[in-house]
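*Asks:* The structure is given below, and queries will be raised subsequently.
The values are calculated or read from the model by the stated rules, or taken from the named source; none is laboratory data. Model, not experiment: these values are computed from the prediction. So basically every Cβ, Gly included, is an ideal-geometry build from the backbone, and we count neighbours across all protein chains shown.
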């Protein structure tokens, strides 16, 4: 982040300085002094926390300021007060402000890191948290639930903060609305940088959750504006709005693998937001619509490739007479003056329809209520390269959708669709990461629907007096940067980049190898200059490293021996282990890779290229609560194994799973006694779109447990499965794979020698989560 921000941030800073007056504050150096200062605080006081590490700090900031004399708790130097260990901050009272604190190297021992209440009887009103950082302050056990910012009370604000790295259960930010003292809350979440949230491997990983299903009828009026959301990939719902009258204005969603979801509640405003995708991902979504009365206007969707729950606009089917925690019918929604640029099938309706699943689901779960009284007007759809994919995609009978004066360029067959018109468009800012597209004809006809006159401005806040379709009326600054992270978060905070201390190390002995891992920095490359290394204990991998032979054509042999059931490589939190050009040999008691059960807070990654892995009980084995983002083995030999990849630890059927991606390509697999892949996700959770298994171009022989019901590649509940162009021979299991036809499970081009087979079951009976 740079020192200087936009004018709006500078204005905010000047206001804060003015509100604090000339009171420089009293400096406190420990928790005893801090508690005393809080107890004695009067309107206008400033309490200054001295620079340094405050470990296990349980801060209860309870006081009463005045509108013109807030009580301020701040760092002596912005970013130099580090809250570490088992710490939290509670705020309760009136007109309180907290500035410039940095939460790191720890986790909260209670339900939240920053909580706008002290206890059940004392909440916060008109309070602010400004210019603070919460970074990787995540639980050691990713199954443990907490929230990093928990809103209670009314009219509280989270401003210009940086929040990133939550990997455990629970939304990053949550608004609680139980009770009249917390309803009609008018909270503001603005100018924040929500940094990457890693994939969680199941539900309950939102970046924001505003209310819940049981308070979904409560008016909230929460305003979420001018935030940057950067790769917030915790789950399919990046923001889950579960209350009424919330506003989402001028936010940037950058490569977030999910959507802004109007999950419960009604009458949301989604205006002037940017949704930026990626050519390399079809998991990045836009807006998903459920319930009544939403206005979706002036939004710009760029390069989104998602379908169904992750499509640019996903309008869902509802459940007739739905209970509060399921899906109400979509009614009375307006989708107007939006732009979709290089998006695949941007308008998708009746998403989630499951009327053909009555045999495997109870009637109360069947989403058959079509969207009605919905207007789609004055939008533009542009593709830089002409495509033939449908603009509008239905997953059920078309509902009551009124299409009016939507303009299209670069899509075949538009002339046959009512409400869509082929026309020329102009592109400016072509060299930028987001091109700006407008109609060439500034006088193109528009639909004048009820209350459309209230859409006064475009996405750049230009007046719509000279109106146009789409999100942009006029481009006054062709060099405008949509992706400008310097406008968000604390001015004093710099996001860490690269591995400045990475080094290349050459080892010649087992002792040297163990020592190199103990002393490793993130990004180190460890080169083995030897023929054979005999290893009698586990290698603890606590930093991200590359481990390789000194010569690509002469693989080094690592021979692990142990009588105990232990891993060869034990993976610490957040590490990448990358093996190249090695022979790794084990025994029937050893697993090659396994997560460290003592700290599974952040997902690890395993990459293997051009290696031989042999003799192990299993190559990778998960543990309960563990999650690995990617396990990828390519161009390698795997042989003489009891099992292969065991990712079957989440057996309580809550929608969780143990890896996001298991990718096996161009390998030779032989002599496997039991299952080669056991990848499991249990529980019926239709909005979890995860578990990805790729098994392409492999040769498999003499593998699998004997038996007509046995399966070599087990992928129960995994949504995305590819089994393509493999050769199977002498497979002992009755089935090579049983695929889930309803989901994205596909196979083709496989050669099978013998009686084993690949079958597809259209529907899967699962345990309901709700």
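*Asks:* Within the range 220-241, can you find the residues that are buried (at least 24 other Cβ atoms within 10 Å of the Cβ) and under 21 Å from residue 311 (Cβ atoms)?
*Replies:* Matches in the range 220-241: 229, 232, 234, 235, 236, 237, 238, 239, 240, 241.
*Asks:* Just to verify a result, which residue in the range 110-145, among those that are surrounded by fewer than 18 Cβ atoms within 10 Å (Cβ to Cβ) and without any contact (Cβ under 8 Å) to a residue 40 or more places away in the chain, is farthest from residue 199 (Cα to Cα)?
*Replies:* Ranking the qualifying residues of the range 110-145, first place goes to 121.
*Asks:* For residue 390, work out the one condition from (1) in contact (Cβ under 8 Å) with a residue 40 or more places away in the chain; (2) touching a strand residue (DSSP E or B) at 6+ places or on another chain (Cβ under 6 Å) it doesn't fulfil.
*Replies:* (2)
*Asks:* With respect to residue 110, is the statement that it is assigned to a loop (DSSP other than H, G, I, E, B) and either out of contact with any helix residue (DSSP H, G or I) (no Cβ under 8 Å at 6 or more places or on another chain) or assigned by TED's automatic domain parsing to the domain that holds residue 604 (or both) true?
*Replies:* yes
*Asks:* Can you name the strands (runs of 3 or more DSSP E) wholly within the range 418-468 that have at least 2 residues being touching a helix residue (DSSP H, G or I) at 6+ places or on another chain (Cβ under 7 Å)? Break it down stepwise before answering.
*Replies:* Numbers: elements: 420-422, 425-428, 436-439.
Here the list reads 420-422.
*Asks:* Would you be able to say whether some residue in the range 70-81 is touching a helix residue (DSSP H, G or I) at 6+ places or on another chain (Cβ under 8 Å), more than 30 Å from residue 199 (Cα to Cα) and assigned to a strand (DSSP E or B)?
*Replies:* Of the residues in the range 70-81, the ones touching a helix residue (DSSP H, G or I) at 6+ places or on another chain (Cβ under 8 Å) are 70, 72-73.
Subsequent filtering for residues that are more than 30 Å from residue 199 (Cα to Cα) retains 70, 72-73.
From the residues that got through so far, the ones that are assigned to a strand (DSSP E or B) too are 72-73.
Within the range 70-81 (the criterion being touching a helix residue (DSSP H, G or I) at 6+ places or on another chain (Cβ under 8 Å), more than 30 Å from residue 199 (Cα to Cα) and assigned to a strand (DSSP E or B)), the answer is yes, since at least one residue qualifies.
*Asks:* Mind listing whichever residues of the range 283-300 are farther than 23 Å from residue 450 by Cβ and either in contact with a strand residue (DSSP E or B) (Cβ under 6 Å, 6 or more places away or on another chain) or in contact (Cβ under 8 Å) with a residue 60 or more places away in the chain (or both)?
*Replies:* 283, 285, 286, 288, 300
*Asks:* Could I ask something else about it? When the residues of the range 253-278 are filtered to those that are closer than 25 Å to residue 488 by Cα and surrounded by fewer than 24 Cβ atoms within 10 Å (Cβ to Cβ), which remaining residue is nearest to the chain's Cα centre (by Cα)? Steps first, answer last, please.
*Replies:* The first filter runs over the range 253-278 and keeps only residues closer than 25 Å to residue 488 by Cα, leaving 253-262, 268-278.
With the extra rule that they be surrounded by fewer than 24 Cβ atoms within 10 Å (Cβ to Cβ), the set shrinks to 254-255, 269, 271-272, 274, 276, 278.
Details: 254: 11, 255: 9, 269: 22, 271: 22, 272: 22, 274: 17, 276: 14, 278: 14 Å.
Going through the qualifying residues, I end up with 255.
*Asks:* Among (1) at pLDDT 95 or above; (2) farther than 30 Å from residue 350 by Cβ; (3) surrounded by fewer than 21 Cβ atoms within 10 Å (Cβ to Cβ), there is one condition residue 711 misses while meeting the rest; what is its number?
*Replies:* It fails just one condition, (3).
*Asks:* Which one is nearest to residue 552 (Cα to Cα) among residues in the range 649-665 that are free of Cβ contacts under 8 Å to residues at least 60 places away in the same chain and assigned to a loop (DSSP other than H, G, I, E, B)? First the steps, then the outcome.
*Replies:* Start the filter on the range 649-665 by keeping residues that are free of Cβ contacts under 8 Å to residues at least 60 places away in the same chain, which leaves 649, 651-652, 661-665.
Now restrict to residues that are assigned to a loop (DSSP other than H, G, I, E, B): 649, 651-652.
Values: 649: 36, 651: 41, 652: 44 Å.
Taking the candidates together, the pick is 649.
*Asks:* Across the range 418-450, what is the number of residues that are without any contact (Cβ under 8 Å) to a residue 60 or more places away in the chain and either farther than 23 Å from residue 249 by Cα or surrounded by fewer than 16 Cβ atoms within 10 Å (Cβ to Cβ) (or both)? Give the derivation first.
*Replies:* Step one: filter the range 418-450 for residues without any contact (Cβ under 8 Å) to a residue 60 or more places away in the chain, giving 418-432, 436, 438-445, 448, 450.
Checking the rest, the ones that are also either farther than 23 Å from residue 249 by Cα or surrounded by fewer than 16 Cβ atoms within 10 Å (Cβ to Cβ) (or both) come to 418-428, 430-432, 439-445, 448, 450.
The qualifying residues number 23.
*Asks:* When residue 494 is evaluated against the numbered criteria (1) surrounded by fewer than 20 Cβ atoms within 10 Å (Cβ to Cβ); (2) assigned to a strand (DSSP E or B), which criterion, by number, is the only one it fails?
*Replies:* If we test residue 494 against (1) surrounded by fewer than 20 Cβ atoms within 10 Å (Cβ to Cβ); (2) assigned to a strand (DSSP E or B), just (2) comes out false.
*Asks:* Now for a separate question. Take the conditions surrounded by fewer than 24 Cβ atoms within 10 Å (Cβ to Cβ), in contact with a strand residue (DSSP E or B) (Cβ under 6 Å, 6 or more places away or on another chain) and under 27 Å from residue 168 (Cβ atoms) and apply them to residue 245. Does it pass?
*Replies:* Details: surrounded by fewer than 24 Cβ atoms within 10 Å (Cβ to Cβ): yes; in contact with a strand residue (DSSP E or B) (Cβ under 6 Å, 6 or more places away or on another chain): yes; under 27 Å from residue 168 (Cβ atoms): no.
No; evaluated as a whole, the condition is false for this residue.
*Asks:* Turning to a different aspect of this structure: Anything in the range 597-621 that is outside any strand (DSSP E or B), surrounded by 18 or more Cβ atoms within 10 Å (Cβ to Cβ) and modelled with pLDDT under 95? List them, or say none.
*Replies:* Matches in the range 597-621: 600, 601, 602, 603.
*Asks:* Please work out which one of (1) surrounded by fewer than 21 Cβ atoms within 10 Å (Cβ to Cβ); (2) over 28 Å from the mean Cα position of the chain (by Cα) is the condition residue 366 fails and give its number.
*Replies:* (2)
*Asks:* Now a separate question. Of all residues in the range 154-179, which are without any contact (Cβ under 8 Å) to a residue 40 or more places away in the chain, more than 18 Å from residue 109 (Cα to Cα) and not in a strand (DSSP E or B)?
*Replies:* 155, 176, 178, 179
*Asks:* Which one of these is buried (at least 18 other Cβ atoms within 10 Å of the Cβ) and in a loop (DSSP other than H, G, I, E, B): 348, 329? Break it down into steps so the answer makes sense when it comes.
*Replies:* Working: 348 fails: in a loop (DSSP other than H, G, I, E, B).
Going through 348, 329 in turn, just one is buried (at least 18 other Cβ atoms within 10 Å of the Cβ) and in a loop (DSSP other than H, G, I, E, B): 329.
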